[in-house]
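Remarks on the structure that follows.
The values are calculated or read from the model by the stated rules, or taken from the named source; none is laboratory data. Everything numeric in this text was worked out from a predicted model, so none of it was measured. Methodologically, a virtual Cβ is constructed for each residue, glycine included, from the backbone with ideal geometry; neighbour enumeration extends over all protein chains shown.
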Amino acid sequence: MRNLMYIVVVAILFAGCQQAEEKRYYAESAEIETLKAGIAAYEAADWDKWRSHFADTAKIYVNSTEAVSVDERVEGLKGMSAAMSSYGFDREDDHIEMVLDKKDQTWVYYWATHKGTIAATNKSLAIPVHLAVRFVDGKIVTEHVYFDATAMNAEFEAIAAAAEAEAETEAEN
């Protein structure tokens, strides 16, 4: 009888500990769906829809500690997408999760490979990307975008150099 009581007490304590453990990581959430919708809007170049997922005061950090506004980011994305004949994320190998951090802030993390083809050279690029996105009241208030821009920048610099050389040749003739 004493062993039975001991087992019951241990089971109750174990169950209580399990219930007290707060879930901090999520594979599904409204915020994840919002980020997915934003990614789809980006891939469709639907800038108004993309912008709609952000708070008015959102700060976006692109490989930098200096923030840009949503409008500044849209202009940068428009320029990049105009130079590409195709672009988007590889959904076969992406990963997304929502985390409540120790400050109870809601973050969604996204890892994927961004693939695109530069229109002027028909060169294909595959660049690993990480997004860290903080939500408040269903809107993005902070976004950190991390990727190695070396290959893309080299292609754009080569295109600019070729255009400059062509302009110089035309000016000489």
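Please verify whether the range 130-151 includes one or more residues that are in a helix (DSSP H, G or I), more than 21 Å from Thr34 (Cα to Cα) and modelled with pLDDT under 95. Don't jump to the end; show me each part of the working.
Within the range 130-151, the first condition is being in a helix (DSSP H, G or I), and the residues that meet it are 150-151.
From what's left, more than 21 Å from Thr34 (Cα to Cα): 150-151.
From what is left, the residues that are modelled with pLDDT under 95 are 150-151.
Checking the range 130-151: at least one residue is in a helix (DSSP H, G or I), more than 21 Å from Thr34 (Cα to Cα) and modelled with pLDDT under 95.
Taking the options Lys102, Lys123, name whichever one is farther than 29 Å from Ala37 by Cβ and modelled with pLDDT of 90 or more. Quick ask: steps written out before the conclusion?
Details: Lys102 fails: farther than 29 Å from Ala37 by Cβ.
Result: Lys123 is the single residue among Lys102, Lys123 that is farther than 29 Å from Ala37 by Cβ and modelled with pLDDT of 90 or more.
Against the definition (closer than 30 Å to Arg24 by Cα, surrounded by fewer than 17 Cβ atoms within 10 Å (Cβ to Cβ), of a type in the set (Ser, Thr, Tyr) and touching a residue at least 40 places away in the same chain (Cβ under 8 Å)), how does Tyr110 come out, yes or no? Break it down into steps so the answer makes sense when it comes.
Working: closer than 30 Å to Arg24 by Cα: yes; surrounded by fewer than 17 Cβ atoms within 10 Å (Cβ to Cβ): no; of a type in the set (Ser, Thr, Tyr): yes; touching a residue at least 40 places away in the same chain (Cβ under 8 Å): yes.
So Tyr110 fails the test.
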- Query: Do the conditions hold for Ser124, that is, is it loosely packed, with under 12 Cβ neighbours inside 10 Å, more than 11 Å from the chain's Cα centre (by Cα), part of a strand (DSSP E or B) and of a type in the set (S, T, N, Q)?
  - Reply: yes
- Among the residues of the range 127-169 satisfying the criterion of being over 17 Å from Ser81 (Cα atoms) and among the aromatic types (Phe, Trp, Tyr), which is farthest from the chain's Cα centre (by Cα)? Phe135
- Task: Take Lys78 and decide whether it is outside any strand (DSSP E or B), out of contact with any helix residue (DSSP H, G or I) (no Cβ under 6 Å at 6 or more places or on another chain), loosely packed, with under 13 Cβ neighbours inside 10 Å and touching a residue at least 24 places away in the same chain (Cβ under 8 Å).
- Result: yes
- Somewhere in the range 24-45, is a residue farther than 15 Å from Gly138 by Cβ, in contact with a Leu (Cβ under 6 Å, 6 or more places away or on another chain) and not in a strand (DSSP E or B)? yes
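Right, Ser85: more than 21 Å from Lys139 (Cβ to Cβ) and either assigned to a strand (DSSP E or B) or in contact with a Ser or Thr (Cβ under 7 Å, 6 or more places away or on another chain) (or both) or not? Full working, then the answer.
Details: more than 21 Å from Lys139 (Cβ to Cβ): yes; either assigned to a strand (DSSP E or B) or in contact with a Ser or Thr (Cβ under 7 Å, 6 or more places away or on another chain) (or both): yes.
Judged against the criteria, Ser85 is a match.
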